[in-house]
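A short reminder: the numbers here are calculations on the coordinates, not readings from a lab. The structure displayed is predicted, hence computed values, not measured ones. Neighbour counts run over all protein chains shown; Cβ positions are idealised from the backbone, glycine included.
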Amino acid sequence: MSTRFLAIFVLILACASAPARAQDVAAPFDADLQRLAEILGGLHYLRGICGSNEGNKWRSEMQALIEAETPSGERRTRMIAGFNRGYNGFQQTYRSCTPAATVAIRRYIEEGSKISRDLTARYAN
């Protein structure tokens, strides 16, 4: 009786966890999303120190990206980690707005725009 119960329990557990594993499977564009998340994090920090008065614009863009993609589990964690990596990387390098920070902002906006266009062209319905 206990062996049968254990087998049923294992089967139920496997069925219940299968959808979660399927959602954690990497999409073919995850590397681009992670890079875009990192760019958004960098822009959130850099635009703040360069006096753009944008508030949480770039953090809001990241939130919109997460809501649009609706990743779960590990995918979500990786996207958030990318945003934080971008923010923290520039926070450790720049304490004030410099010409190099301004160049980084421009390059990140260009790269982020390119990634967005490419993703939309390749994967949008």
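For the residue pair ALA64 and ILE49, what label-to-label distance in nm results when each label sits 7 Å from Cα along the Cα-to-beta-carbon direction? In this crude spin-label approximation the distance works out to 2.6 nm. Using the alpha-carbon positions of region 29-123, Rg (one decimal) and Dmax (whole number) come out as 13.0, 39 Å. Shown is the FRET efficiency for ALA26 and ARG95, computed with R0 = 30 Å from the Cβ-Cβ distance and rounded to the nearest 0.05: 0.25.
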